[in-house]
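Before any comments, here is the structure.
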Amino acid sequence: DGKTVIEGSGLPVTFLNCVSHSNSINSLIIGTSVSLLITMVMVMSQRILGMSKLLEHFVEGVKGMSEPVMILVLAWALGIAMNDIHTSQYIALALGDSMKVEYFPAIVCLIGYAMSYASGSALGTQGIIFPLVIPVIVHLTDDEEVYLKTIAAACSSSVFGNLCSPIADTTIAGVLFTGCPMIDHLKVMSTFCIPLGVISLILGDLMVGLNLYPFWVSYLMALAIILLVFLVFGRTPRKDSFLARFIARTRGTRDASSNSSLDSSEENEKLRLIQDKI
């Protein structure tokens with residue numbers, strides 16, 4: 001597919017050009033179908049599962065993948081719709097020269113923060129941001145470095161809401177599995193996520209986007225600020241806090257397991273002495 005397009009365009013036939021000009025949707029469908037058939041054949045040939053159990057697990061897997069598939073389908077539909085109504089061209093013309101493209105990664109980061117917190121889904125946020133943001137930045141500039149910074153901002157900011165949003169699947173799963181109250185979980189996650197999000201926005205997307213320093217300098221500065229905050233504002237958790245109770249419970253379980261191992265070793269030693277006497 002990609003090779004046919006390359007041969008007709010006159011570009012050199014390389015692996016990268018073939019992949020970049022191939023039909024990604026057909027590749028996904030063919031790849032998943034072939035891998036599914038191979039997996040089914042291997043499972044049945046080794047008699048790990050029968051046909052009924054195999055189909056049962058297949059249906060359960062389809063149920064689990066229905067949400068990401070629907071997000072991808074809606075993202076594709078949104079991208080096609082925005083392409084048909086020329087959304088990117090309109091935004092690029094509306095912005096014109098009123099905004100420097102160096103500020104675009106920081107703006108995309110803020111949009112990603114808000115959308116991911118509202119939706120609670122990193123994949124859903126990326127599915128909305130990418131069809132809208134990437135064509136706009138392509139119309140605004142030809143600088144590939146700005147492209148990379150904008151894509152990085154879109155990917156990183158979409159994870160923010162997936163960690164501290166009350167409707168995120170990870171938040172709900174964490175509350176259910178640990179037995180931690182929802183408010184306590186959100187307080188703990190927000191205490192970490194919000195400062196880190198602000199530091200990443202200012203030192204990373206904004207300053208690196210303005211080309212004030214290389215990206216690795218932002219890593220060192222962010223690490224230094226985080227360590228400074230822990231040293232200045234860090235304190236021992238209260239005895240009645242959830243973190244203190246969790247640590248105490250963990251230590252109690254560890255002590256109980258160590259005591260049980262000591263008791264078992266003592267019993268084994270006694271049995272060995274009795275056998276020696278016999």
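The values are calculated or read from the model by the stated rules, or taken from the named source; none is laboratory data. Predicted model, so just to flag it, every value in this text is computed and none were measured. Cβ atoms come from the backbone with ideal geometry, glycine included; neighbour counts cover every protein chain shown. Ligands, DNA and RNA are excluded from the accessible area calculation, which covers all protein heavy atoms including side chains. Shrake-Rupley method; radii C 1.70, N 1.55, O 1.52, S 1.80 Å.
Name the pairs whose Cβ atoms lie under 9 Å apart, with the first residue in the range 15-40 and on the phi < 0 side of the Ramachandran plot and exposed (fewer than 11 other Cβ atoms within 10 Å of the Cβ), the second in a helix (DSSP H, G or I) and of a type outside the set (Ser, Thr, Tyr), and 6 or more positions between them or separate chains?
25/76
When the residues of the range 129-174 are narrowed to those that are outside any helix (DSSP H, G or I) and within 18 Å of residue 100 (Cα to Cα), which ends up most open to solvent (accessible area, probe 1.4 Å)?
Taking the range 129-174 and keeping what is outside any helix (DSSP H, G or I), we get 141-143, 165-168.
This time we only want the ones that are within 18 Å of residue 100 (Cα to Cα), so: 141-143.
Numbers: 141: 24, 142: 134, 143: 67 Å².
Top of the filtered list is 142.
Name the residue that is surrounded by the fewest Cβ atoms within 10 Å (Cβ to Cβ), counting only residues in the range 114-128 that are of a type in the set (S, T, N, Q) and more than 13 Å from residue 155 (Cβ to Cβ). Lay out the reasoning, then the answer.
At the first step, the residues of the range 114-128 found to be of a type in the set (S, T, N, Q) are 116, 119, 121, 125-126.
Next cut, more than 13 Å from residue 155 (Cβ to Cβ) only: 119, 121.
Details: 119: 20, 121: 23.
If we take residues in the range 114-128 being of a type in the set (S, T, N, Q) and more than 13 Å from residue 155 (Cβ to Cβ), then 119 is surrounded by the fewest Cβ atoms within 10 Å (Cβ to Cβ).
(1) assigned to a loop (DSSP other than H, G, I, E, B); (2) open to solvent by 100 Å² or more (accessible area, probe 1.4 Å); (3) at pLDDT below 85: which one isn't true of residue 212, the others all being true?
For residue 212, the failing item is (3).
What number of residues in the range 175-192 are touching a helix residue (DSSP H, G or I) at 6+ places or on another chain (Cβ under 9 Å), open to solvent by 80 Å² or more (accessible area, probe 1.4 Å) and under 25 Å from residue 67 (Cβ atoms)?
Total satisfying the criteria: 1.
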